[in-house]
1. Suppose each label sits 7 Å from its Cα in the direction of the beta carbon; what would the residue 206-residue 143 distance come out to in nanometres?
2. For the range 50-57, just list the computed ³J(HN,Hα) in residue order, Karplus coefficients 6.51, -1.76 and 1.60, θ = phi - 60°, integers in Hz, with x standing in for Gly and Pro.
3. Under the rule of at least 5 residues apart or a separate chain, name every residue whose amide H is placed under 5 Å from the amide H of residue 190.
4. Taking a ≥ b ≥ c as the square roots of the eigenvalues of the Cα gyration tensor of the range 34-91, is the shape rounded (a/c under 1.5), prolate (a/b larger than b/c) or oblate?
5. What whole number of Å gives the distance from the Cα centroid of the range 110-180 to the Cα centroid of the range 42-62?
6. Given the pairs 13/45; 106/256; 135/275; 106/209, which span a C-alpha to C-alpha distance of over 29 angstrom in this model?
7. Got a sec to turn the phi values of the range 233-250 into Karplus ³J(HN,Hα) couplings, 6.51 cos²θ - 1.76 cosθ + 1.60 with θ = phi - 60°, whole Hz, x for Gly and Pro?
8. Given the options 124, 101, 24, which has the most mean-square fluctuation in a GNM of the chain, springs set between C-alpha atoms less than 10 angstrom apart?
Amino acid sequence: PDSSAGYSYEECKATADWLLAQAPVRPLLGIVCGSGLGGLAEMLKDQLVIDYSDIPSFPRSTVHGHAGRLVFGKLKGTPCVCMQGRFHLYEGYPIQKTTMPMRVFKLMGVETVILTNAAGGLNPDFTVGDIMVIKDHINIPGFAGNNPLVGANDERFGERFPCMSDAYDRDLQQLAHAVAAELDYSAFMQDGVYSALAGPSFETVAECKMLRLLGADAVGMSTVHEVIVARHCGMRVVALSLITNQAVMDYDSEKKANHEEVLQTGELRAQQMEKLVSTMVSRMSCE
Ligand code: 6GU
């Protein structure tokens, strides 16, 4: 493994310090907006917006539907930093680079990260437009050695062999469901296991069946690498998947997975997703 593929502690620290020098707030909460869900960032008050291309050492976003900017501000009074656009394995970065923002979050003082994504539904009980609270993940690229923690371990971030059996904070999962019930969203709330693939091609029918057999409820191309790095450095994590399409599970289906459908469903449910997250934030003790 090439440990130079990533960023050193000093580089992450330099980026964090550069950001803190201009940020209007010292963020306690980090938010990562998934495809079509960037509207969450617009809810922040007293914003400072910084393009990824202006941030020293930061990777750049290349995907349609992902803006590529960092937004600082207050959400329901909580100081936040929000990634409008994230980095995926399929963009071609070494995986350590896709997760660098998590370490920058940590070094800025972030304690809790809320991640959102768009995902394909594998569980037959799921409907397009459902919101799944992620309770666990299956890291398929990790099985093949593509784990963001591969390479030299810097103990200042975390331990060599971090536990992942408690990656998704139980209290925050409960909070998501409790807040959803209050907002009358329970009819489209789900719980489940998210499986990550590298992409960018969508899954074959056989791959979808395999993932379902393995216990996955949804499939996507993000989040898991960020969760691993966030947990490694001790941040609390909660993650929500918007089910934007049903993964194709049979050969006779006329349906084909496509990015446009993903973005369209995002638009349909974006406001409720934003309301869910902002209400969760108002109930979280981040002070
Ligand atoms: Cl069906 N598959 C993957 N890998 N990612 C997705 C998706 C499907 N739908 C939204 N994102």
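The values are calculated or read from the model by the stated rules, or taken from the named source; none is laboratory data. A quick note: this is a predicted structure, and the numbers were derived from the prediction, not measured. Neighbour counts are summed over all protein chains in view; Cβ atoms, including those assigned to glycine, are modelled from backbone coordinates with ideal geometry. Areas reflect the complete protein model, heavy atoms only, side chains present, ligands, DNA and RNA absent. Shrake-Rupley method; radii C 1.70, N 1.55, O 1.52, S 1.80 Å.
1. If labels sit at residue 206 and residue 143, their model points lie 1.4 nm apart.
2. Listing the rounded values in order: 10, 5, 3, 5, 9, 8, x, 6 Hz.
3. 131, 132, 133
4. Details: a/c = 2.57, a/b = 1.55, b/c = 1.66.
Oblate, since a/c reaches 1.5 and b/c is not below a/b.
5. What the calculation gives is 23 Å, centre to centre.
6. Over 29 Å Cα-Cα: 106/256; 106/209.
7. For the range 233-250, the Karplus-derived couplings read 9, x, 7, 7, 10, 9, 9, 10, 10, 8, 7, 8, 6, 8, 4, 7, 10, 9 Hz, x marking Gly and Pro.
8. Taking springs between Cα atoms under 10 Å, the residue moving most is 124.
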